[in-house]
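Since every read-out is calculated from the coordinates, none of them should be taken as a lab result. Fair warning: this is a prediction, and the values are worked out from it, not measured in the lab. For neighbour counting, all protein chains shown are included, and Cβ atoms are generated from backbone atoms with ideal geometry for every residue, glycine included.
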Amino acid sequence: MSITQICILAVIVLYLLFVLLVGIKFSKGNKTTEDYYLGGRKLGPLVTAMSAEASDMSSWLLLGIPGLAYASGLADPFWTSLGLGIGTYLNWLFVAKKLRRYSQINGSATVPAFFSNRFGDDKNILSLIAALVIIIFFVPYTASGFSACGKLFNSLFGVDYIVAMIIFALVIIAYTTLGGFLAASTTDLIQSIIMTIALATILFYGASQAGGWGAVFENAKGLAGYFDLNNMHSDETGLIAYGTLTKISTMAWGLGYFGMPHILLRFMAIEKEEKLSLSRRIASVWVFVAMFAAIIIGFVARAMTANGSIGVLDDPETAIIKISDLLSTHGVLTACVAGLILAGILAATMSTADSQLLAAASSASDDIFGKMIFKKQDEKRQMLVARIAVIVMSIIALFIAKDPNSSVFQIVSFAWAGFGAAFGPLMLLALFWKRTNKYGALAGMISGGVMIFVWKFLVRPLGGVWNIYELLPGFIVSAVFIIVVSLLTPAPEGKVIEDFEKAAE
């Protein structure tokens, strides 16, 4: 192993040890399941903002967006990022404060519990279905995070993929099981800082190696369709049209935010709802700046390929990794910086995996076992069940991720669509339409989730005008079912209306 690899490995190991210590520190503060799942609703505005965005962006920010920009130019990552940025802002603006208030009024510690409590579902059918939706989409999503960590470590050090994946999974499982929500949120804040340092370092170092900003943008302008919002570049065909329907479909990624459980939990957990305005500003600015930087890194990598600083990337999503490899060749100090950048990629992946793992485990332990099976439990037993659920969900995710050839981002895209369609319209209508009832909620949740499978596997393969990201039709179908079924069935009454009006004050 070279001195460069030793430096990189040392930085990564130190980072992993640090997050484990965070888990141990917060383990002592978890006395109740609300502490474990929501941190006792004591998150500050900075932690709320940055943990939400770190758990959201994942390795998509450091691998996916630069890869899109490198391969096809501006259009695809621009419209995707615009949709995500707008979705982020609107979610914080309209959903965050009202969900924080409403979830405390009806005593909900998980998203499934909120749905049942919101609609007076005494039999907890809504929380059961919502919990199953979370498990169906989140366990594979968590598996994709484990897989990404294994692939990166395997490519850097030649360690067996399964061994590498298990090591990182054990670290994530350990600090999440011990520290719960506060540990996951605090490590997510730290991970967002590392991700920011990684983006800034790669951006400016890469530009210097490409010959300066002028050379970067001159290279981009010289490629057909590369610097165009209405066309994509292709090395084979030169130009691919990026029409209005494609733009709308791509921007539909932003709709997913309204139904993302691990982000919604951050809204529920902040100490005071008045602080959410500050969190919104921090989160929105960071998301737009970070995604803009990630797009430019793709341009930088393309210019570095053109001048021979790095080779042609067979996998465009390795752009940051290849630039980090070049940075590490300048000495021990730069090798340590490269190690921090690669730790940032791992951090991005881990920040999503821990939040998803906790959300899936809380759904299994609290909304399925707690409400449907073991209805009377003391706090100690509930905490034990919660921690066992984290471990069981992790084992299932590890089994799913055992194939190193699985596509990380296809899984992410599908799971994102699933939550956006099943939960997004329901969350918005639950918060803002008094007439929504439990029958409409159930119909919308099921129809949205089913539509994702139908469109993905039966309709979208037809191509042409049907080649639309499944989240958009799934979201529309779910919203229609909620509204129509709610209007055709009895209106909610009693405490349901009372709680809605109290939350609206």
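Values computed for the structure shown
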{"item": "Charge context of Glu470, other residues only, Cβ under 10 angstrom, K/R +1, D/E -1", "result": "+2"}
{"item": "Radius of gyration, Dmax [the range 431-505; alpha carbons; angstrom]", "result": "15.7, 49"}
{"item": "Ordering of 290-296, 482-488 by burial proxy (mean other Cβ atoms within 10 Å per residue, highest first)", "result": "290-296, 482-488"}
{"item": "Per-residue Cβ neighbour rank within 10 angstrom, fewest leading, Cys149, Cys336, Cys7", "result": "Cys336, Cys7, Cys149"}
{"item": "Principal-axis tilt of helix 276-306 within the chain, Cα atoms, nearest 10 degrees", "result": "30"}
{"item": "Surrounding net charge for Gly44, when Lys and Arg each add one and Asp and Glu each subtract one, Cβ distance under 10 Å", "result": "+2"}
{"item": "With Cα atoms, 0 to 90° folded angle of helix 75-90 axis to the chain main axis", "result": "30"}
{"item": "Hydrodynamic radius of the range 128-181 per Kirkwood, over alpha carbon pairs, in Å", "result": "12.2"}
{"item": "Relative exposure of His233, His262, His330, judged by other C-beta atoms within 10 Å (fewest first)", "result": "His330, His233, His262"}
{"item": "Subset of Lys25/Lys272; Lys98/Lys123; Lys25/Lys97; Lys402/Lys438; Lys151/Lys275; Lys123/Lys402 violating a 32 Å alpha-carbon distance limit", "result": "Lys402/Lys438; Lys151/Lys275; Lys123/Lys402"}
{"item": "Largest-first principal axis extents of the Cα set of the range 90-227 (Å)", "result": "65, 40, 29"}
{"item": "Cα-centre dipole for the range 130-241 with unit charges at Cβ (Lys and Arg positive, Asp and Glu negative), debye to 20", "result": "240"}
{"item": "16 Å tail of the calculated P(r), the range 54-144, as % of Cα pairs", "result": "69"}
{"item": "Built amide H within the under 5 Å cut-off of Asn231, gap 5+", "result": "Tyr242"}
{"item": "Likely footprinting exposure, Asp160, Asp76, Asp499, fewest C-beta neighbours within 10 Å first", "result": "Asp160, Asp499, Asp76"}
{"item": "Mean projection area, nm², convex hull over Cα of the chain", "result": "22.5"}
{"item": "CD proxy at 222 nm, helix term only [per DSSP H run n ≥ 4: -39500 (n - 2.57); per residue of the chain; nearest 500]", "result": "-24000 deg cm²/dmol"}
{"item": "Mean-position separation - Cα centroids, the range 477-503 and the range 221-288, in angstrom", "result": "30"}
{"item": "Under 20 Å from Lys456, Cα to Cα: aspartates and glutamates that are on another chain or at least 8 residues apart", "result": "Asp76, Glu470"}
{"item": "Ordering of 119-128, 63-72, 305-314 by packing [mean C-beta count within 10 Å, highest first]", "result": "63-72, 119-128, 305-314"}
{"item": "Spatially proximal aspartates and glutamates relative to Lys42 (Cα-Cα < 20 Å; intrachain offsets below 8 disregarded)", "result": "Glu34, Glu53, Asp188, Glu271, Glu273, Glu274, Asp354, Glu379"}
{"item": "Using alpha-carbon coordinates, inclination of helix 332-362 to the longest axis of the chain, degrees", "result": "20"}
